[in-house]
1. Tell me, in nm to one decimal, what length is gained between Ala30 and Tyr56 on full extension, where the rule is 0.36 nm per residue of separation less the Cα-Cα distance?
2. Considering only protein heavy atoms, what is the solvent-accessible area of Asp50 at a probe of 1.4 Å, reported in Å² to the nearest 10?
3. Please give the length that would be gained between Met106 and Lys72 if that part of the chain were fully extended, namely 0.36 nm times their separation in residues minus their C-alpha to C-alpha distance (nm, one decimal).
4. May I ask which of Lys47/Lys72; Lys28/Lys61; Lys27/Lys61; Lys6/Lys44; Lys27/Lys72; Lys27/Lys47 have a Cα-Cα span longer than 21 Å here?
5. Listed highest first by mean packing, meaning other Cβ atoms within 10 Å per residue, what order do 58-65, 42-49 come in?
Amino acid sequence: LKLHFKLFCQAFDTAILRLHVRSIAQKKPAEELLTSNILIAVPKNTKEVDFDLSNYNILLKGDVAVLLEWVKVVLNKDKPFDQYTAGVYFRVNKKGPGYFRLGSEMRWIRTGKSPCIYLTVQELRDTL
(Lines give C-alpha, C1' and ligand atoms only; values in the text may rest on other atoms or scores of the structure.)
Protein backbone atom coordinates (compact mmCIF):
# COMPACT_ATOMS: atom_id res chain seq x y z
CA LEU A 1 0.00 0.00 0.00
CA LYS A 2 1.41 3.37 -0.98
CA LEU A 3 0.19 6.94 -0.58
CA HIS A 4 0.84 9.39 -3.41
CA PHE A 5 0.17 13.11 -3.57
CA LYS A 6 1.28 16.08 -5.61
CA LEU A 7 2.07 19.54 -4.33
CA PHE A 8 2.04 22.87 -6.10
CA CYS A 9 4.02 24.64 -3.36
CA GLN A 10 5.48 23.72 0.02
CA ALA A 11 7.16 26.89 1.28
CA PHE A 12 8.41 25.76 4.70
CA ASP A 13 11.63 23.91 5.49
CA THR A 14 9.51 20.91 6.44
CA ALA A 15 5.75 20.36 6.69
CA ILE A 16 4.44 17.54 8.90
CA LEU A 17 1.21 15.97 7.63
CA ARG A 18 -0.95 13.32 9.30
CA LEU A 19 -2.64 10.73 7.12
CA HIS A 20 -6.30 9.94 7.72
CA VAL A 21 -8.25 7.18 6.00
CA ARG A 22 -11.97 7.37 6.68
CA SER A 23 -15.01 5.38 5.71
CA ILE A 24 -17.60 7.17 3.61
CA ALA A 25 -21.15 7.70 4.87
CA GLN A 26 -23.80 9.81 3.17
CA LYS A 27 -21.20 10.75 0.52
CA LYS A 28 -18.89 12.37 3.10
CA PRO A 29 -15.80 11.27 5.08
CA ALA A 30 -16.92 9.50 8.25
CA GLU A 31 -15.23 7.13 10.74
CA GLU A 32 -11.42 7.03 11.04
CA LEU A 33 -10.10 3.63 9.92
CA LEU A 34 -6.46 3.97 10.97
CA THR A 35 -5.52 2.75 14.44
CA SER A 36 -2.25 4.70 14.74
CA ASN A 37 -0.91 8.10 13.72
CA ILE A 38 0.97 8.13 10.44
CA LEU A 39 3.04 11.30 10.14
CA ILE A 40 4.72 12.31 6.89
CA ALA A 41 7.56 14.86 6.78
CA VAL A 42 7.57 16.80 3.50
CA PRO A 43 10.76 18.78 2.76
CA LYS A 44 10.74 22.22 1.14
CA ASN A 45 10.14 22.41 -2.62
CA THR A 46 8.78 18.86 -2.79
CA LYS A 47 6.46 18.40 -5.77
CA GLU A 48 5.49 14.73 -5.43
CA VAL A 49 5.36 12.39 -2.45
CA ASP A 50 5.27 8.59 -2.64
CA PHE A 51 4.99 7.21 0.90
CA ASP A 52 5.22 3.45 1.53
CA LEU A 53 2.54 2.27 3.96
CA SER A 54 3.35 -1.46 3.81
CA ASN A 55 4.82 -1.48 7.35
CA TYR A 56 1.50 -0.31 8.83
CA ASN A 57 -0.50 -3.46 7.92
CA ILE A 58 -3.51 -1.48 6.67
CA LEU A 59 -6.43 -3.47 5.27
CA LEU A 60 -9.17 -1.55 3.50
CA LYS A 61 -12.55 -2.66 2.24
CA GLY A 62 -14.85 -0.64 0.01
CA ASP A 63 -14.60 3.06 -0.79
CA VAL A 64 -12.56 5.28 1.52
CA ALA A 65 -11.67 8.95 1.84
CA VAL A 66 -7.93 9.71 1.98
CA LEU A 67 -7.17 12.93 3.85
CA LEU A 68 -4.06 14.80 4.93
CA GLU A 69 -4.05 16.98 8.05
CA TRP A 70 -1.53 19.80 8.25
CA VAL A 71 -0.03 19.25 11.72
CA LYS A 72 3.11 21.37 11.96
CA VAL A 73 5.73 23.24 9.98
CA VAL A 74 9.44 23.56 10.67
CA LEU A 75 10.81 27.01 9.90
CA ASN A 76 14.27 28.12 8.92
CA LYS A 77 15.55 29.82 12.11
CA ASP A 78 17.37 32.46 10.04
CA LYS A 79 14.18 33.65 8.34
CA PRO A 80 11.48 35.52 10.30
CA PHE A 81 8.02 33.92 10.15
CA ASP A 82 6.45 37.00 8.52
CA GLN A 83 8.67 36.43 5.45
CA TYR A 84 7.01 33.11 4.65
CA THR A 85 4.17 32.67 2.24
CA ALA A 86 2.18 30.49 4.59
CA GLY A 87 0.81 27.39 3.05
CA VAL A 88 1.16 23.92 1.72
CA TYR A 89 -0.68 23.92 -1.59
CA PHE A 90 -1.81 20.73 -3.30
CA ARG A 91 -2.21 20.31 -7.01
CA VAL A 92 -5.84 19.74 -7.87
CA ASN A 93 -7.57 17.32 -10.15
CA LYS A 94 -10.58 18.73 -11.99
CA LYS A 95 -12.50 15.45 -11.75
CA GLY A 96 -14.37 14.42 -8.65
CA PRO A 97 -15.21 16.23 -5.44
CA GLY A 98 -12.82 17.31 -2.71
CA TYR A 99 -13.60 17.84 0.96
CA PHE A 100 -12.03 19.94 3.66
CA ARG A 101 -12.83 21.28 7.09
CA LEU A 102 -11.24 24.02 9.14
CA GLY A 103 -11.03 22.03 12.37
CA SER A 104 -11.59 18.52 13.67
CA GLU A 105 -15.06 19.37 14.96
CA MET A 106 -16.13 21.53 12.01
CA ARG A 107 -18.46 20.35 9.26
CA TRP A 108 -17.15 18.95 5.97
CA ILE A 109 -17.22 21.37 3.04
CA ARG A 110 -17.39 19.99 -0.51
CA THR A 111 -15.38 21.65 -3.27
CA GLY A 112 -15.57 21.23 -7.02
CA LYS A 113 -11.99 19.97 -7.33
CA SER A 114 -10.10 17.29 -5.51
CA PRO A 115 -6.42 17.26 -4.52
CA CYS A 116 -4.24 14.75 -6.33
CA ILE A 117 -4.08 12.30 -3.44
CA TYR A 118 -4.45 8.60 -4.09
CA LEU A 119 -3.49 5.17 -2.78
CA THR A 120 -1.88 2.32 -4.69
CA VAL A 121 -3.37 -0.86 -3.23
CA GLN A 122 -2.94 -4.58 -3.64
CA GLU A 123 -6.05 -6.71 -3.70
CA LEU A 124 -6.10 -9.66 -1.30
CA ARG A 125 -8.05 -12.62 -2.60
CA ASP A 126 -9.88 -15.02 -0.32
CA THR A 127 -8.19 -18.41 -0.68
CA LEU A 128 -10.95 -20.44 1.00
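1. Contour length minus the Cα-Cα distance gives 7.3 nm.
2. About 100 Å², ignoring ligands and nucleic acids.
3. Taking Met106 through Lys72 to full extension adds about 10.3 nm, to one decimal.
4. Lys27/Lys72; Lys27/Lys47
5. Highest to lowest by the protection proxy: 42-49, 58-65.
The values are calculated or read from the model by the stated rules, or taken from the named source; none is laboratory data. Because the structure is predicted, anything quoted here is derived from the model rather than measured. Backbone-built Cβ (ideal geometry, glycine too); neighbour counts: all protein chains shown. To get the accessible areas, we keep the full protein, side chains included, count just its heavy atoms, and leave off ligands, DNA and RNA. Shrake-Rupley method; radii C 1.70, N 1.55, O 1.52, S 1.80 Å.
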